[in-house]
Amino acid sequence: MHADGPGAVPADDSPLDAGPAGRPGRRRVLKAIGAGAAAVSFGAMGAGTARADEEQFTDVVVIGAGYAGGTVARELGAKGLTSIVLEARDRIGGRIWTTTMAGEQIELGGQWVSPSHRLVNAELARYGIGIVRDPDPERIAVARGGRLEHVAPAEAAALLEPLWKEFYKGSEQYFERPAEPLYRKDLLAAVDPLSVADRLRQMNLSPAERDLISGDTAAYCGGSLQNGSLTGMAQWYQLSGGTYDSYSTTIGSRPAGGMTALLQAMLQDSGARVRLNSPVAKVTQSGSRVVVETRDGRRYAARTVIVATPANVWRNITFAPGLPPAHARAAAQGIGLPSGTKMLLHVKGEVEAVGGTASEGSPILMMVPQKQLADGRLMVAFPSPQLNVADPVQVQQAVRQWIPGAQVLASRAMEWGKDPFSAGSWGFRRPGQLLGLFPQIEQPHGRILFAGADIAQGWHGAYIEGAVESGRRAAQQALQLLA
């Protein structure tokens, strides 16, 4: 990993940027006053064996420099509060990772924003960041008779739309207000325990129909239809507008400058200090303060701490006292998919812009065309867990199922489940987690608050819209706590 691309930040222990003219000076003064006052009050309280000058004090410590953490830092900075953001990696972004391949900007993590992402679009407008569109697919691959067949986009829609309508039947009722997922809690009891596989079984599909729809659902589920909940997908569907056409808008658009461009602007605006290579080992709260210890022994004291990491890594942090029941259950079960992998391909030659989905169990479950280059085309692929993405021969064979005769010049994959600071890919609630975790998982644990796309009410999991929503909620909780 490198921090010299679009996600780059200055070296550890320095402000990201002076920010808008006039604002940082006030923040630095507030920080100096706060640090001095803290040293006195903590010394009087007898803060363990460490001297007060061995701990660094701030109003808020934010754990994680992804979109949830960046939103928190920006929102609190606007209110004059000081923040230190601790990031385990050597880059910002978390499960967003903007980098390069074949001389072009690529995304190894989350990639797309939608017109229905109200908060993200407002943030893009705020910082004057435009939208870049992926090329529209010229042909759509659909699964037929155990192989992929390329058809026109209109024909693919005619095949798939009735199946999606049936798959999501009833979701317009149990997600009457999709941004408030518990609004019809009475109706959710019958559907929240269902996995995507359960719903497909209920539909009594013919083998041909199952082939058509299973690849799309399996791609979103990281290859395992048992892992993903029906309500997880159904909520996305209703949030997008509740039609096949509206749901298709969730793929294809991204911020100009890359997915980290907006996050970079938010962190620069926050005035926060971002410290990279700072994985957290322990969070201890006692009385009116919280102490965060990193694995290398550094200690940060704050009035409150916001944990803005994937829920899957909570189990790698020691919390004293321990996590509340809902948070402990989420950490044990996991929310981020353990097998979700994203792969970028550089395919030689003038390559048709082919997109679509294969059937469940195929080596590559979904393909999305990217930019045509002078020597070939970039493609985004979501492989199944069965594909060894490190084996060029397997990758080439898998790509040729989509593009006969294709020559893969290069491939690059991110297996998010193997990343210790994610322990999983995009968040996707498991069966029963909506009713089993919410609303408790959004509640404060004393002076420890939680944020992240995994626990957003609306666009949870795979979308930065959920991270921004959750970050805004946690920032409001922090302001109330510190008032």
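Given (1) open to solvent by 20 Å² or more (accessible area, probe 1.4 Å); (2) touching a Pro at 6+ places or on another chain (Cβ under 9 Å); (3) under 19 Å from Glu107 (Cβ atoms), where does Met379 come up short, assuming only one miss?
Among (1) open to solvent by 20 Å² or more (accessible area, probe 1.4 Å); (2) touching a Pro at 6+ places or on another chain (Cβ under 9 Å); (3) under 19 Å from Glu107 (Cβ atoms), Met379 violates only (1).
Is it the case that segment 394-407 has a residue that's more than 28 Å from Arg144 (Cα to Cα), open to solvent by 10 Å² or more (accessible area, probe 1.4 Å) and of a type outside the set (D, E, K, R)?
no
All but one of (1) more than 23 Å from Gly241 (Cα to Cα); (2) in contact with an Asp or Glu (Cβ under 9 Å, 6 or more places away or on another chain); (3) crowded, with 18+ Cβ neighbours inside 10 Å hold for Leu482; which doesn't?
Going through (1) more than 23 Å from Gly241 (Cα to Cα); (2) in contact with an Asp or Glu (Cβ under 9 Å, 6 or more places away or on another chain); (3) crowded, with 18+ Cβ neighbours inside 10 Å one by one, Leu482 breaks only (3).
Right, Ala308: within 15 Å of Thr58 (Cα to Cα) and crowded, with 16+ Cβ neighbours inside 10 Å or not?
The answer is no for Ala308.
Pairs needed: first member in segment 159-181, free of Cβ contacts under 8 Å to residues at least 60 places away in the same chain; second member anywhere, part of a loop (DSSP other than H, G, I, E, B) and basic (Lys, Arg); C-beta distance under 9 Å; at least 6 residues apart or different chains.
Listed by first residue and then by second, the contacts come to Gln173/Arg184; Glu176/Arg184; Arg177/Arg184.
If I filter segment 436-458 for residues that are on the phi > 0 side of the Ramachandran plot and either under 18 Å from the mean Cα position of the chain (by Cα) or among the β-branched types (Val, Ile, Thr) (or both), do I get at least one hit?
Taking every residue of segment 436-458 in turn, at least one turns out to be on the phi > 0 side of the Ramachandran plot and either under 18 Å from the mean Cα position of the chain (by Cα) or among the β-branched types (Val, Ile, Thr) (or both).
Can you name every residue in segment 275-301 that is closer than 12 Å to Gln56 by Cβ and under 27 Å from the mean Cα position of the chain (by Cα)?
Result: Arg275, Ser278, Val291, Val292, Glu293, Thr294, Tyr300.
Write out, first by first residue and then by second, each pair whose Cβ atoms fall under 7 Å of each other, whose residues are 6+ apart or on separate chains, and whose first residue, in segment 93-117, is among the polar types (S, T, N, Q) while the second is assigned to a strand (DSSP E or B) and crowded, with 24+ Cβ neighbours inside 10 Å.
Gln105/Thr98
Out of Thr341, Thr284, I need the residue that is closer than 28 Å to Ala218 by Cβ, of a type in the set (S, T, N, Q) and open to solvent by 10 Å² or more (accessible area, probe 1.4 Å). Which one?
Going through Thr341, Thr284 in turn, just one is closer than 28 Å to Ala218 by Cβ, of a type in the set (S, T, N, Q) and open to solvent by 10 Å² or more (accessible area, probe 1.4 Å): Thr341.
How many residues does segment 267-317 contain that are part of a strand (DSSP E or B) and touching an Asp or Glu at 6+ places or on another chain (Cβ under 9 Å)?
The number of residues fulfilling the criteria is 15.
Counting only residues that are part of a strand (DSSP E or B) and either under 30 Å from Gly334 (Cα atoms) or at pLDDT below 95 (or both), how many does segment 377-426 have?
The number of residues fulfilling the criteria is 10.
Only one of these is within 29 Å of Leu434 (Cβ to Cβ) and either aliphatic (A, V, I, L, M) or without any contact (Cβ under 8 Å) to a residue 12 or more places away in the chain (or both): Leu378, Leu373, Leu365. Name it.
One residue alone meets the criteria, Leu365.
Could you please let me know if Ala156 is buried (at least 16 other Cβ atoms within 10 Å of the Cβ) and either in contact with a Pro (Cβ under 8 Å, 6 or more places away or on another chain) or under 30 Å from Ser206 (Cα atoms) (or both)?
So Ala156 fits the description; yes.
Give me a count of the residues in segment 220-260 that are open to solvent by 20 Å² or more (accessible area, probe 1.4 Å), within 25 Å of Glu123 (Cα to Cα) and in a loop (DSSP other than H, G, I, E, B).
6
In the set Thr357, Thr309, Thr318, Thr294, which member is among the β-branched types (Val, Ile, Thr) and without any contact (Cβ under 8 Å) to a residue 40 or more places away in the chain?
Exactly one residue qualifies, and that residue is Thr318.
Would you mention how many residues in segment 348-361 are over 18 Å from Gln111 (Cβ atoms) and open to solvent by less than 20 Å² (accessible area, probe 1.4 Å)?
Here the count works out to 2.
The values are calculated or read from the model by the stated rules, or taken from the named source; none is laboratory data. Because the structure is predicted, anything quoted here is derived from the model rather than measured. Every residue, glycine among them, receives a Cβ derived from its backbone with ideal geometry; neighbour counts consider all protein chains shown. These area figures cover heavy atoms from the full protein model, side chains too; ligands, DNA and RNA do not enter into them. Shrake-Rupley method; radii C 1.70, N 1.55, O 1.52, S 1.80 Å.
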